[in-house]
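Notes for the one structure printed next.
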Amino acid sequence: MSKPIFEDLFALHGRRNRKSYALLCMLLFGCGVGFSLAVLILDEILAGTGVTAAVLVAAIVLLMSAVLLITSTQRCRDAGLSGSAGLAVLLPLGFIALLLWPGEKGTNRFGADPREIKNLGHHY
């Protein structure tokens, strides 16, 4: 089972497996593009100057970037790397590497395996 994508979204601790990370990144990208387009279209319809739209889009990008960096550090910890390696997401191939790099099985120095946590007694 995979870690829920919204769990520990703003936490600088813990681990995040590949599936949860990939789903969260797709959701962030889709919501970010959709919201940004909606803001730009609304600004055009209302004949705005574009300043408000630019500020709103910049705020969206900053929020998405913060969430991406935090979850990237969690993803690195799942692979047994230091959380600061999460800055690799800023490199062109860093994001792909984080998606493909397998996590360590079992508990590592950063916590329990996110795939095992949900399997321990949580029956819905």
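Read-outs throughout are calculated quantities, based only on the coordinates presented, and are distinct from any laboratory measurement. If you're wondering where the values come from, they're calculated on a predicted model, not measured in any experiment. In this analysis, Cβ positions are derived from the backbone assuming ideal geometry, glycine residues included, and neighbour counts consider all displayed protein chains.
Mind giving me the nanometre distance, one decimal, between the label points for L62 and L37, set 7 Å out from Cα along Cα→Cβ?
The modelled label-to-label distance comes out at 2.5 nm.
Where does helix 18-45 land angle-wise versus the long Cα axis of the chain, in degrees 0 to 90, nearest 10?
Helix 18-45 sits roughly 10 degrees off the main axis of the chain.
For the Cα atoms of the chain, what angle does the longest principal axis make with the long axis of helix 51-78, in degrees from 0 to 90, nearest 10?
So the helix axis and the longest Cα principal axis differ by about 10 degrees.
Mind checking which of T71, G32, A85 is farthest towards the positive end of the stretch 18-116's charge dipole, using Cβ charges of +1 (Lys, Arg) and -1 (Asp, Glu) about the Cα centre?
A85
Which order do the peptides 8-15, 27-34 take when ranked by the mean count of other beta-carbon atoms within 10 Å per residue, highest first? Let's see the in-between values first.
Numbers: 8-15: 14.8, 27-34: 13.0.
Final packing ranking: 8-15, 27-34.
Out of these labelled values of Cα extents along the principal axes in Å, (i) 54, 25, 19; (ii) 60, 27, 17; (iii) 56, 37, 21, which was calculated from the coordinates shown here?
This structure yields the entry labelled (iii).
Tell me the mean residue ellipticity at 222 nm calculated for the chain from its helices only (DSSP H runs of n ≥ 4, each -39500 (n - 2.57), averaged over every residue, nearest 500). Working shown, then result.
Details: 4 runs with 67 residues, N = 124.
For the chain, the value works out to -18000 deg cm²/dmol.
What is the distance, in nm, between label points placed 7 Å from the Cα along the Cα-to-Cβ direction at E44 and at L93?
3.7
How large is the dipole of the stretch 1-115 about the Cα centre if only Lys and Arg carry +1 and Asp and Glu carry -1, each at its Cβ, rounded to the nearest 20 debye?
Details: 10 positive and 7 negative charges, 123 e Å.
Dipole of the stretch 1-115, to the nearest 20 debye: 580 debye.
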